[in-house]
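First the structure, in the form of structure tokens, and then the observations on it.
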Amino acid sequence: MADSIINLLVIDDDDINIFIIRKIVEKTGYKVNMVSRSNGQLAVEYLTEIADNRDIFPQLMLVDINMPVLNGWEFLEAYEQLNLPQKSDMYMLSSSVYENDIEKAKSYKAIKGFISKPLTIERLSELLRLVTP
């Protein structure tokens with residue numbers, strides 16, 4: 001159903017990256033409600049607030065690794081403890097090129113993959129296609 005709105009949560013402290021992702025979202029042709037949080041703690045609080053709201057709960061999350069307060073790994077640990085009633089397709093989105101980060105991402109059941117920055121229109125379109133209801 002192409003008219004469905006896809007909820008996207010981007011957890012990243014880099015304002016420039018958030019801006020770029022917003023521009024990429026606009027170019028995909030999908031209807032996307034994009035929300036961003038600048039660290040893992042704010043993301044945990046947001047997800048807890050909206051946990052029971054199917055209309056705005058994200059189908060897709062992009063999580064940066066290096067952030068203040070709660071980094072990407074700490075966010076994942078906290079996320080797994082939340083036991084939310086809904087699940088999202090979650091991807092690590094990082095500028096890290098370290099193999100150990102890529103391997104570590106695979107160790108989390110919530111993570112579907114590791115994407116190296118910068119995010120491309122093609123890659124985001126593919127992810128949105130996978131979560132389209």
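The values are calculated or read from the model by the stated rules, or taken from the named source; none is laboratory data. Please read all numbers here as calculations on a predicted model, not as lab measurements. Note: ideal-geometry Cβ built from the backbone for every residue, glycine included; neighbour counts use all protein chains shown. Heads up: the accessible areas ignore ligands, DNA and RNA and are worked out on the full protein's heavy atoms, side chains in. Shrake-Rupley method; radii C 1.70, N 1.55, O 1.52, S 1.80 Å.
Taking trypsin sites (Lys or Arg not before Pro) across segment 98-133, the ones in a DSSP loop with at most 10 further Cβ atoms lying within 10 angstrom of their Cβ are Lys109.
In the elastic network of the chain, a GNM with C-alpha springs shorter than 10 Å, the most mobile of Ser94, Ser107, Ser38 is Ser107. Placing +1 on the Cβ of every Lys and Arg and -1 on the Cβ of every Asp and Glu, with nothing else charged, gives the chain a dipole about its Cα centre of roughly 440 debye. Overall, the anisotropy analysis places segment 24-133 in the oblate class: the square-rooted eigenvalues a ≥ b ≥ c of its C-alpha gyration tensor yield a/c not less than 1.5, with a/b not exceeding b/c. Counting protein heavy atoms only, the chain has 50 percent of its accessible area on carbon and sulfur, 1.4 angstrom probe. Under the simplified labelling scheme, the Ile20-Ser95 pair shows an inter-label distance of 0.8 nm, with each label point 7 Å from Cα along Cα→Cβ. Per residue, segment 18-133 exposes 54 Å² of solvent-accessible protein surface, assessed with a 1.4 angstrom probe and all protein chains in place.
According to the square roots a ≥ b ≥ c of the eigenvalues of the Cα gyration tensor, what is the shape class of segment 1-74, taking rounded for a/c under 1.5, prolate for a/b larger than b/c otherwise, and oblate for the remainder? The shape class here is oblate.
For segment 1-106, applying the loop criterion from DSSP together with a ceiling of 12 other beta carbons within 10 Å to the chymotrypsin sites (Phe, Trp or Tyr not before Pro) yields Tyr98. Net length available on complete extension from Lys27 to Glu45 is 3.5 nm, with 0.36 nm assigned per residue and the Cα-Cα distance removed.
The charge dipole of segment 15-74, taken about its Cα centre with unit charges on the Cβ of Lys, Arg, Asp and Glu (plus for the first two, minus for the last two), comes to roughly 360 debye.
Can you bin segment 80-133 into rounded, prolate or oblate? Criterion: square roots of the alpha carbon gyration tensor eigenvalues sorted a ≥ b ≥ c, rounded for a/c under 1.5, prolate for a/b above b/c, oblate for the rest. Oblate, because a/c is 1.5 or more while a/b does not exceed b/c. The label-point distance for Lys109 and Ile121, in a model that sets each label 7 Å from Cα toward Cβ, rounds to 3.8 nm. The lysine pair count for segment 1-120, using Cα distances under 27 Å and pairs eight or more places apart or on different chains, is 19.
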